[in-house]
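Enquirer: Before I ask anything, let me first share the structure, which is written out below as structure tokens.
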Amino acid sequence: MLPRNPPGLDGSKGTQVVAARCSKLTHFFMDNKELLLKSAMFYGLLLGIFWVVKYLFFIWGATNPSISVVYWVLTPITIVFAYIFTKVYKIQIGGCIRFSHAWQFGILLYFFAALIVSLLHYVFYRYLAPPDYLANAVGMAMDMIRDINPEMAETMPETPVFTPIRMTIQGILNNVLYGILFSLPIAAILCRNREDMVYNQE
């Protein structure tokens, strides 16, 4: 026969223990979300500054192609920085992190970094790029689409219009997509210990 009141829900000391643990969990996740956002913004700023420096070599490479090699050499280092920042964040929250938590941090990291570098993107497209730069870039992209999927190319307009602001927004979306993809292996590596520290607290 079942008891009238489950243990811990009858006004006894057990109820106080359950309430205390629920409160602890609530405060932990609320504080954790705040720390997640603040940390992602801070490290996203650092990553964004790195992207700005990296993109400067891309801009200089428009007139001197040999300099653009530095841009492509620096690009893979983004993954290294993303791993380091995520690992530091894991240490900040106690040394344990779940896969979804680490993945979310990585996506936010790329998002805030994308916002920082988007300012330079807009300046480049609006003021620094040659007059025919966007037209040539769009033409090259259309040629690649025609080579890969001719049927898709037939359904697209012949001369799509890309303004500086549209290219800037597209850059943000592309960087966020990279964050979604590249944060997956990083989250998988750093979540080896799946035991959340809050469950070890009394």
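Enquirer: Taking segment 92-104, which residues are closer than 15 Å to ALA40 by Cβ and either among the basic types (Lys, Arg) or out of contact with any Cys (no Cβ under 7 Å at 6 or more places or on another chain) (or both)? Spell out the reasoning first.
Expert: Applying the first criterion (closer than 15 Å to ALA40 by Cβ) to segment 92-104 yields 92-93, 97, 100-104.
The answer is GLN92, ILE93, SER100, HIS101, TRP103, GLN104.
Enquirer: Among the residues of segment 59-71, write down those that are touching a Gly at 6+ places or on another chain (Cβ under 9 Å), surrounded by fewer than 16 Cβ atoms within 10 Å (Cβ to Cβ) and either acidic (Asp, Glu) or not in a loop (DSSP other than H, G, I, E, B) (or both). It would help to see each step written out before you state the result.
Expert: Taking segment 59-71 first, the residues touching a Gly at 6+ places or on another chain (Cβ under 9 Å) are 67-71.
Still in the running and surrounded by fewer than 16 Cβ atoms within 10 Å (Cβ to Cβ): 67, 69.
The answer is VAL69, and nothing else.
Enquirer: Which of the residues belonging to segment 85-118 are without any contact (Cβ under 8 Å) to a residue 60 or more places away in the chain and out of contact with any helix residue (DSSP H, G or I) (no Cβ under 8 Å at 6 or more places or on another chain)?
Expert: To start, the set of residues in segment 85-118 that are without any contact (Cβ under 8 Å) to a residue 60 or more places away in the chain comprises 85, 88-89, 91-92, 118.
Within segment 85-118, just ILE91 meets the criteria.
Enquirer: Looking at this structure, is ILE116 part of a loop (DSSP other than H, G, I, E, B) and surrounded by 16 or more Cβ atoms within 10 Å (Cβ to Cβ)?
Expert: On the way: part of a loop (DSSP other than H, G, I, E, B): no; surrounded by 16 or more Cβ atoms within 10 Å (Cβ to Cβ): yes.
Here the answer is no, as ILE116 does not meet what is asked.
Enquirer: If I filter segment 77-91 down to residues being surrounded by fewer than 17 Cβ atoms within 10 Å (Cβ to Cβ) and either of a type in the set (A, V, I, L, M, F, W, C) or more than 15 Å from the chain's Cα centre (by Cα) (or both), which single residue comes out as modelled with the lowest pLDDT? Full working, then the answer.
Expert: Initial filter on segment 77-91 (surrounded by fewer than 17 Cβ atoms within 10 Å (Cβ to Cβ)): 77, 79-81, 84, 87-88, 91.
Applying the additional criterion that residues be either of a type in the set (A, V, I, L, M, F, W, C) or more than 15 Å from the chain's Cα centre (by Cα) (or both) yields 77, 79-81, 84, 88, 91.
On the way: ILE77: 97, ILE79: 97, VAL80: 97, PHE81: 97, ILE84: 97, VAL88: 96, ILE91: 93.
That would be ILE91.
Enquirer: Say whether the condition of being polar (S, T, N, Q) and either surrounded by 16 or more Cβ atoms within 10 Å (Cβ to Cβ) or in a helix (DSSP H, G or I) (or both) is met by at least one residue in segment 39-57.
Expert: First, pick out the residues of segment 39-57 that are polar (S, T, N, Q): 39.
Next, only the ones that are either surrounded by 16 or more Cβ atoms within 10 Å (Cβ to Cβ) or in a helix (DSSP H, G or I) (or both) stay: 39.
Checked against the condition, which is being polar (S, T, N, Q) and either surrounded by 16 or more Cβ atoms within 10 Å (Cβ to Cβ) or in a helix (DSSP H, G or I) (or both), segment 39-57 yields at least one hit.
The values are calculated or read from the model by the stated rules, or taken from the named source; none is laboratory data. From a predicted model like this one, the values you see are computed outputs, not experimental measurements. Every residue, glycine as well, gets a Cβ built from its backbone with ideal geometry; the counts of neighbours run over all protein chains shown.
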